[in-house]
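Just so you know, all these numbers are worked out from the coordinates, no wet-lab data involved. Since the model is a prediction, treat every value here as computed from it, not as a measurement. Neighbour counts run over all protein chains shown; Cβ positions are idealised from the backbone, glycine included.
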Amino acid sequence: MAAGAASGGSATTDTYKEARTWLLLPAWVTLCILILAPVLMMLVYSFLTKEFRGGVIWEFSLAAYDQFFFDRGLFGDDPPKIEWTYIAIFWRSIWQAGAATLLSLVIGFPTAYFIATRAENMRPVWVFLITIPYWVNLLIRTVSMKFLLRDQGPLNDFLINIGLIDSPLHIVNTNFAVQLGLFYSYLPFMVLPIYAAVERYNFNLSEAAADLYASKWTTLRRILLPAVKPGVIAGCILVFVPSMGSFLAPDLLGGAKNFMIGSLIEEQFKGNAGNWPFGAAASMILLTMVLIILMIFARQQAKAEKSGG
Amino acid sequence: MASTNFDIKTYPGFKAVTLLCLIVLYAPLVVVTIYSFNASQSLTNWEGISLRWYADVFSGPESSKFKEAAKNSFIIAIIAATVSTSIATLAATGMVRGGKFKLRTVSFGLISLPLMVPEIVTAVATLIFFNSIGFDRGIMTILLAHIAFCIPFAYLPISARMQGIEDSYEQAAQDLYATKRQAFTKILLPLMMPGIISGFLLAFIVSLDDFIITNFVKGAGVETLPTAIFGSVKQGIKPNIMAISTMLLGVSVVMVTISYFVSKKDNTK
């Protein structure tokens, strides 16, 4: 998505106009069959009846969504009450993803700004340094994080050895560990769009503000931040969206208490709970939330562009 | 003047945060790399440098499992990256050199779809899709899923590169009576090579590293490196896992570094 700007770009020519359909056909076919059709099939499955031990029976049913939102008691004949279990799991996911996004913003903004104000030939090097860890296997990164943060891990050893703490900090299996893991997973997504925005920013504006006796922090808040806001919003969305549906960080760093949507969905297809329509319904709800966020974002970006941003 | 300009741009603490950021990003990887050379059986004590855990990966009790998984991972990554890069190259040509057309936005949305849909949702959808058409899960399902979600990763560097290449070279070739096909294969493709290689390498890493989708669509008994590692880690982090992680980490870093330098290379001059 961040690259959307790059591809919507200007330098399109019509050299191969006649061959266009044939050039695009493989991509259309592959993605329609392997991404679009599966998502539609998932929508269908979410309205089917569950087969025990996984799979579905081809019979229309609203049971999956009903189970998600309503509690009808043990035998299913009580008057429906709101079922809070799954809503709470979604809420926790939103909250955790939000906290991770905030953490990424607090660390990522100064980093992006710092990189964007380096000498021009040094910027790609800094960007490269920030992105390398992203390309390392997410599983390995998360396991590494867990190893580092363990009660007997190197971080606690280090802190005890320099005398900062007496007994190990319990970080693994807390909310904070999950937030840290998510932050670690998606930080480059925060840094890159903000970097791109700051790099385009005209520093003469800051200078003008300074000439008018604005303090540096006032200049940052009143002049720079509004100018780079689209980049900041893009960064926040690019961190928030994958965080919400993440599976590895909550599973490996959070433990059973810190269940998130990803784990709930996974359990429906892997574990003993094995309720495919319910898993499909939970995935649909997650997807709907993500698409709504992306649509609001796209609309805002379009508005910002129109107003000459 | 120069000094005020410098002053306006600098904020106290931003450099410190950047350094902190780099430390946080690299510390876990560095620590795991160091501990993978630990001679000790225990994770906690440091008993000097040794290669025993690397030897364990290649000849220890779990070595056959890891070898099989590594073989699967590399076969899938090579095929998936090759196919998705080919598809992406053609698509980028259609998008960047195909003039304006109605379905352009839709096409771009379709190509970036794997990036927008949360990975776990793609995983569920793909599993359900293969199940509904009665396709048995195994290497083939992993491969098909990987080809699809690698397309945007290959597409983005390729199309970025193509936008940077003026079409005057192809025009010149056509003025000299080259056919469009010749202009494409003899002029555009060679100029595009850095972008294509860079896209291929990124697709390769993304496929090699994928866990979530693979975990859903793999059949029983079929493992790739990430799923094999995940299975082991569930029973606790062991030193041999750190050795194998360090090797995989090395592969990714080398690939990304090559991709970085290749994409920077300007062969239009």
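Points to keep in mind about this one:
- Built amide H within the under 5 Å cut-off of A:L48, gap 5+: A:S61
- Which of B:W46, B:T257, A:F269, positive extreme of dipole for the protein assembly as shown (C-beta unit charges): B:T257
- Largest-first principal axis extents, alpha carbons of segment B:155-269, Å: 66, 29, 17
- Dipole of segment B:19-113, positive end: most advanced residue of B:I111, B:V57, B:V96 [Cβ charges, Cα centre]: B:V96
- At most 15 other Cβ within 10 Å, DSSP loop - chymotrypsin sites (Phe, Trp or Tyr not before Pro), segment A:205-309: A:Y213
- Sorting A:C236, A:C32, B:C150 by the number of Cβ atoms found within 10 Å of their own Cβ, with the fewest placed first, yields A:C32, A:C236, B:C150.
- Shape call, segment A:92-274: gyration tensor on alpha carbons, a/c limit 1.5: prolate
- The residues packed around A:A27, meaning those with a beta-carbon under 14 Å from its beta-carbon, carry a net charge of +2 if Lys and Arg are +1 and Asp and Glu are -1.
- Cα gyration tensor shape for the protein assembly as shown, rounded if a/c is under 1.5, else prolate or oblate: rounded
- Taking Cα centre as origin and charging only the Cβ of basic (Lys, Arg, +1) and acidic (Asp, Glu, -1) residues, the dipole magnitude of segment B:154-209 rounds to 160 debye.
- Rounded, prolate or oblate (a/c below 1.5 giving rounded, otherwise prolate when a/b exceeds b/c) for segment B:24-67 by Cα gyration tensor: oblate
- In order along segment B:135-150, phi translates into HN-Hα couplings of 8, 5, 6, x, 4, 4, 5, 4, 4, 4, 4, 5, 4, 5, 7, 7 Hz, rounded to whole numbers, per the Karplus curve 6.51 cos²θ - 1.76 cosθ + 1.60 with θ = phi - 60° and x for Gly and Pro.
- Along each principal axis, taking the top coordinate minus the bottom one, the Cα set of segment A:169-285 gives 67, 37, 17 Å in descending order.
- Here's the picture: charge each Lys and Arg Cβ at +1 and each Asp and Glu Cβ at -1 in segment A:92-274, and of A:P230, A:L253, A:Y186 the one pushed furthest to the positive end of that dipole is A:P230.
- With the simple spin-label model, which puts each label point 7 Å out from Cα in the Cβ direction, the B:F261 to A:V125 separation comes to 1.5 nm.
- Derived scalar couplings ³J(HN,Hα) [segment A:234-248; Karplus, 6.51 cos²θ - 1.76 cosθ + 1.60; whole Hz; x for Gly, Pro]: 4, x, 4, 5, 5, 8, 5, 4, x, 4, 4, x, 5, 10, 5
- Between A:V56 and A:E51, the built amide H atoms are under 5 Å apart, and every one of these is 5 or more places off in sequence or on another chain.
- Two-site FRET efficiency, A:W95 against B:F101, from Cβ-Cβ distance with R₀ of 56 Å, rounded to 0.05: 0.80
- Counted by neighbouring Cβ atoms within 10 Å, the residues B:V124, B:V106 run from fewest to most as B:V106, B:V124.
- Counting only other chain Cβ atoms within 10 Å of each residue's Cβ, the peptide B:8-15 averages 6.
- Given chain B, longest segment not containing exposed loop GluC sites (Glu not before Pro) (DSSP; at most 14 other Cβ within 10 Å): B:48-165
- Inter-chain neighbour count for B:128-136: the average number of beta-carbon atoms from partner chains within 10 Å of each residue's beta-carbon is 6.
- Estimated dipole of segment B:61-265 in Debye, rounded to 20 [Cβ of Lys and Arg +1, of Asp and Glu -1, Cα centre]: 200
- Average partner coverage of B:95-106, which counts Cβ from other chains inside 10 Å: 5
- Residues A:L180, A:L31, B:L103, arranged from fewest to most other Cβ atoms within 10 angstrom of their Cβ, appear as B:L103, A:L180, A:L31.
- Dipole moment magnitude, nearest 20 debye, the protein assembly as shown about Cα centre, only Lys, Arg, Asp, Glu C-beta charged: 1060
- Karplus-derived 3J(HN,Hα) values for segment A:146-154, using 6.51 cos²θ - 1.76 cosθ + 1.60 with θ = phi - 60°, are 5, 4, 5, 8, 3, 4, 9, x, x Hz; glycine and proline are entered as x.
- Centroid-to-centroid separation of segment A:15-52 and segment A:127-181 [C-alpha atoms, Å]: 39
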